[in-house]
Amino acid sequence: MLIFFVLGAHSTPKKIFTSPSFDAYLYLDSVKNEKYKIKAFITFDIKNSSLLSKSKFYSQLISYECGQNVPKIVEELLAGKPFGKGKKITNTQELKKARNLVSSAYPSLFKETCI
C-alpha cells in the first residue's frame with residue numbers, strides 16, 4: 001500500500017467533490033484503463049464529521065467499470081493526518097463509517113473518468 005501513497009503524493013490531485021464533511025481528490029496520474037476496468041487513486045480530506053472524530057485522511061485505490069454505481073475497493077487507508085501520517089485506524093467499524101461517508105463522491109468520480 002505504501003507504493004500507492006508515494007506515487008499518489010507526487011502526482012497532481014484534482015478536486016472532484018466537496019461537501020461540508022470532506023473534499024475528494026482524484027490523482028489523475030493514477031487513472032489506468034485496463035480493458036473494461038478503470039483503476040484510480042482517490043483521497044478524502046475529512047474536514048468535519050461527527051462519524052469520524054479521530055480521522056482526518058482517508059484514501060482508496062479503487063477499481064470499477066463505467067456504468068457501475070459502486071466501485072470495488074482494492075486498498076484503503078484511514079489515518080489521523082494527511083497522506084497516511086499519524087495513527088493508522090484499522091478498526092473495521094471506523095473503516096465502514098468512512099466508506100459510507102465518502103460514497104457520495106463516487107458519481108463525481110465516474111463523471112471525471114467515464115465517457
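Looking at 113, 89, 62, which one has the Cα that reaches farthest to the positive end of the dipole of the chain (charges on Cβ: Lys, Arg +1; Asp, Glu -1)?
89
In degrees, nearest 10, range 0 to 90: what is the angle between the Cα axis of helix 92-102 and the longest Cα principal axis of the chain?
Its long axis makes an angle of about 60 degrees.
Could you pull out the pairs from 14/72; 56/96; 14/37; 87/111; 37/85 whose alpha carbons sit more than 23 Å apart here? Don't skip to the end; give the middle numbers.
Numbers: 14/72 21 Å; 56/96 15 Å; 14/37 21 Å; 87/111 33 Å; 37/85 30 Å.
Pairs exceeding 23 Å: 87/111; 37/85.
Counting only the heavy atoms of the protein chains, how much of residue 15 is accessible to a 1.4 Å probe, in Å² to the nearest 10?
For residue 15, the solvent-accessible surface is approximately 110 Å².
Which percent of the accessible area of segment 10-115 is formed by carbon and sulfur heavy atoms (probe 1.4 angstrom)? Intermediate results must be reported in sequence, preceding the final value.
Details: 3290 of 6280 Å².
Percent of accessible area from carbon and sulfur atoms in segment 10-115: 52.
Report the relative contact order of the chain, percent, no decimals, based on alpha-carbon pairs under 8 angstrom and at least 6 residues apart. Show your work: numbers first, answer last.
Values: 212 pairs, mean separation 22.9, N = 115.
Relative contact order of the chain: 20 percent.
Within segment 13-72, report the chymotrypsin sites (Phe, Trp or Tyr not before Pro) that DSSP leaves as loop and that have at most 13 other Cβ atoms within 10 Å. Please list the in-between numbers first.
Numbers: sites: 17, 22, 25, 27, 36, 41, 44, 57, 58, 64; in loops: 36.
The qualifying sites are 36.
At 1.4 Å probe size, with every protein chain present, just tell me what the per residue accessible area of segment 71-115 comes to in Å². Display every interim value, and only then the final one.
Values: 2810 Å² over 45 residues.
Normalised by residue count, the accessible surface of segment 71-115 is 62 Å².
Computed from these coordinates, which is Rg/Rh (Cα atoms, Kirkwood Rh): [x] 0.99; [y] 0.93; [z] 1.02?
Computing Rg/Rh (Cα atoms, Kirkwood Rh) and matching it to [x] 0.99; [y] 0.93; [z] 1.02 gives [y].
The values are calculated or read from the model by the stated rules, or taken from the named source; none is laboratory data. Quantities reported herein were computed from a predicted structural model and do not represent experimental measurements. Don't worry about glycine lacking a Cβ; one is built from the backbone with ideal geometry, like all the others, and counts go over all protein chains shown. Note: areas computed on protein heavy atoms with side chains; ligands, DNA, RNA excluded. Shrake-Rupley method; radii C 1.70, N 1.55, O 1.52, S 1.80 Å.
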